[in-house]
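Read through the structure below, which is laid out as structure tokens, and then see the notes.
The values are calculated or read from the model by the stated rules, or taken from the named source; none is laboratory data. The structure displayed is predicted, hence computed values, not measured ones. Quick reminder, even Gly has a Cβ in these numbers, built from the backbone with ideal geometry, and neighbours come from all protein chains shown. Only protein heavy atoms, including side chains, enter the accessible area calculation; ligands, DNA and RNA are left aside. Shrake-Rupley method; radii C 1.70, N 1.55, O 1.52, S 1.80 Å.
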Amino acid sequence: MAVAVAGLAAGALLVTGLAAEAGSASAAGSAGLKTLAEAKGRYFGTALTQSNLSVPALTAVAAAQFDMVTPGNEMKWDTTEPSNGSYNFAPGDQIVSYAQSIGAKVRGHNLVWHSQLPSWVSSLPTAQVQAAMEAHITTEATHYKGKVYSWDVVNEPFNEDGTLRQDAFYAAMGSGYIADALRTAHAADPGAKLYLNDYNIEGENAKSDAMYNLVSSLKAQGVPIDGVGLESHFILGQVPSTLQANMQRFAALGVNVAVTELDDRIQLPASSANLSQQASDYAAVVNACLTVTGCVGVSQWGVGDADSWIPGTFSGYGAATMYDNNYQPKPAYSAVVTALGGSTSSPSASASASASPSPSASATGSAGACKVADVVNAWNTGLTENITLTNTGSTTISGWSLGFTLPAGQTVTSAWNTTITPASGTVTGVNLSYNGTLAPGAATTIGFQATHTGNAAAPAAFTLNGRSCTAG
Ligand code: G3I
């Protein structure tokens, strides 16, 4: 784990602007999620909508962190063919151009879906639906030929019980519409990876069984299909325990899997314990993808909480992404970085991650039975700090108190995996019931959020049960 100092110089850098900061962090050799993911043979993506592109704080994060872009709405049928035979690719083109400008690929989303479907399609006589579907797929996939990595050819085809949705396509063609759509897309753009995408198919259940059986049957018939998209709109603490096994069984059919729309919604207001759980949830998803060879990447649905569809759809829920409303990284971001084999080492507002430890040290002192690695992510008025304590001694620590002095102007507003008192000055963090015992070599990570008035530096030294800890 890297050690970082967020000092005055870093604070000054932060107020110069998010876009410049993201660029300079990158130029300095720090890496974002995308670089860490690429080192593992994966991508890390986000959904973007047209309006997102004019938000500098958002695009600074997008450019630094993501190498795959999914248009949030711009390639859907209601946008691309609002009336029969009349096409509008301008919004989708804008997303593609932006993605290209930041060196990202594009997941085309989507060609056939019961939702965001213009009423002229569902009003067609059933005898005309197949021709309309094939024309739509051919025209759109041809327009974007060579510009998209993949297509969600059919989106959300299943009901929760594993039966197919009775939408306009099913009504006209029966279950065969799916094979027809895949074949049509393949003819238009043989280079694009062709996916079926759905939600609530992340764990093993009736719906994912149905998707499994469908993919198995399509493969047996020689229908072109390359992957299954697991949308992954999770509820806090409810990432299915069968996620990895489910990914693995699809991979065993000879298709890839991708986490296509990851978010993890929290009942508001989100507590620090909630954010800690969310970090575990995100890490579990990334770890599952890294473990399954056929999992090609993970995409989050929107850059930050401000861009998420969750509050508008699930009343009282939100805080579902890795970035808060101000595009500051949340604990889930650090957890993903760690899962990808990196470490958060820069107090960057766009939270670039580093694959190698930073040489700076924030905790000094004589050698003792403890080691402290401290990671600060700061913005102009606040910071989060994650502190990993390691027992470097030869005896088990049973109950601990971590002492340190907060720089002037810093006030703790919340803490996770510890209780910190008082809120400023010389403070003590005490273990909770579940992390008080540290066997030799064992480590635990605690953290806090604080406000600051210009000095976002890390504490200069730490003591554990009164003994100085080394930095590391
Ligand atoms: O463009 C109109 C605007 O003119 C109007 O004033 C406004 C009033 O409500 O609506 C705007 O359209 C909205 C559209 O997003 C564009 O912002 C629709 O109401 C709204 O329903 C639509 O929501 C999208 C949703 O799909 C539709 O099902 C979300 O942005 C989009 O994030 C979401 O994405 C889906 C994936 O495609 C498939 N998986 C689930 C995921 C989340 O729902």
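Kindly indicate whether Gln130 is more than 16 Å from the ligand (Cβ to nearest atom) and within 19 Å of Asp180 (Cβ to Cβ).
For Gln130, the condition - more than 16 Å from the ligand (Cβ to nearest atom) and within 19 Å of Asp180 (Cβ to Cβ) - is met.
Determine whether the range 286-296 contains at least one residue that is open to solvent by 10 Å² or more (accessible area, probe 1.4 Å), within 24 Å of Leu48 (Cβ to Cβ), modelled with pLDDT of 95 or more and within 14 Å of the ligand (Cβ to nearest atom).
No, there is no match, as no residue in the range 286-296 is open to solvent by 10 Å² or more (accessible area, probe 1.4 Å), within 24 Å of Leu48 (Cβ to Cβ), modelled with pLDDT of 95 or more and within 14 Å of the ligand (Cβ to nearest atom).
Taking the range 376-402 on its own, how many of its residues are more than 29 Å from the chain's Cα centre (by Cα) and open to solvent by 20 Å² or more (accessible area, probe 1.4 Å)?
Final tally of qualifying residues: 9.
Of the residues that sit in the range 431-472 and are among the hydrophobic types (A, V, I, L, M, F, W, C) and under 18 Å from Gly409 (Cα atoms), which one is most open to solvent (accessible area, probe 1.4 Å)?
Checked the range 431-472; the qualifying residue most open to solvent (accessible area, probe 1.4 Å) is Ala460.
Hey, among the residues in the range 101-121 that are touching a residue at least 40 places away in the same chain (Cβ under 8 Å), away from the ligand (no atom under 15 Å from the Cβ) and not in a loop (DSSP other than H, G, I, E, B), which one's most open to solvent (accessible area, probe 1.4 Å)?
Selected residue: Lys105.
Quick one: in the range 129-175, of everything that is in contact with a helix residue (DSSP H, G or I) (Cβ under 7 Å, 6 or more places away or on another chain), closer than 23 Å to Lys193 by Cα and β-branched (Val, Ile, Thr), which residue is most open to solvent (accessible area, probe 1.4 Å)?
Ranking the candidates gives Thr142 first.
Looking at the structure I just gave you, is Gly222 on the phi > 0 side of the Ramachandran plot, surrounded by fewer than 17 Cβ atoms within 10 Å (Cβ to Cβ) and in a loop (DSSP other than H, G, I, E, B)?
Taking the combined requirement at face value, the residue satisfies it.
On the given criteria, is Glu204 charged (D, E, K, R), within 16 Å of the ligand (Cβ to nearest atom) and surrounded by fewer than 23 Cβ atoms within 10 Å (Cβ to Cβ)?
When the stated conditions are applied, Glu204 does not pass them.
How many residues are more than 16 Å from the ligand (Cβ to nearest atom), within 22 Å of the chain's Cα centre (by Cα) and either closer than 25 Å to Tyr177 by Cβ or in a helix (DSSP H, G or I) (or both) when one looks only at the range 228-254?
Number satisfying all stated conditions: 8.
Grab the helices (runs of 4 or more DSSP H) fully contained in the range 28-89, keeping just those with 1 or more residues being assigned by TED's automatic domain parsing to the domain that holds Gly297 and within 16 Å of the ligand (Cβ to nearest atom).
Hits in the range 28-89: 56-65, 77-80.
Would you pick out the residues in the range 90-100 that are within 16 Å of the ligand (Cβ to nearest atom) and over 21 Å from the mean Cα position of the chain (by Cα)?
Matches in the range 90-100: Ala90, Pro91, Gly92, Gln94.
Going by what's in this entry, would Asp264 be described as assigned to a helix (DSSP H, G or I), of a type outside the set (Val, Ile, Thr), under 15 Å from the mean Cα position of the chain (by Cα) and within 21 Å of Pro329 (Cβ to Cβ)?
no
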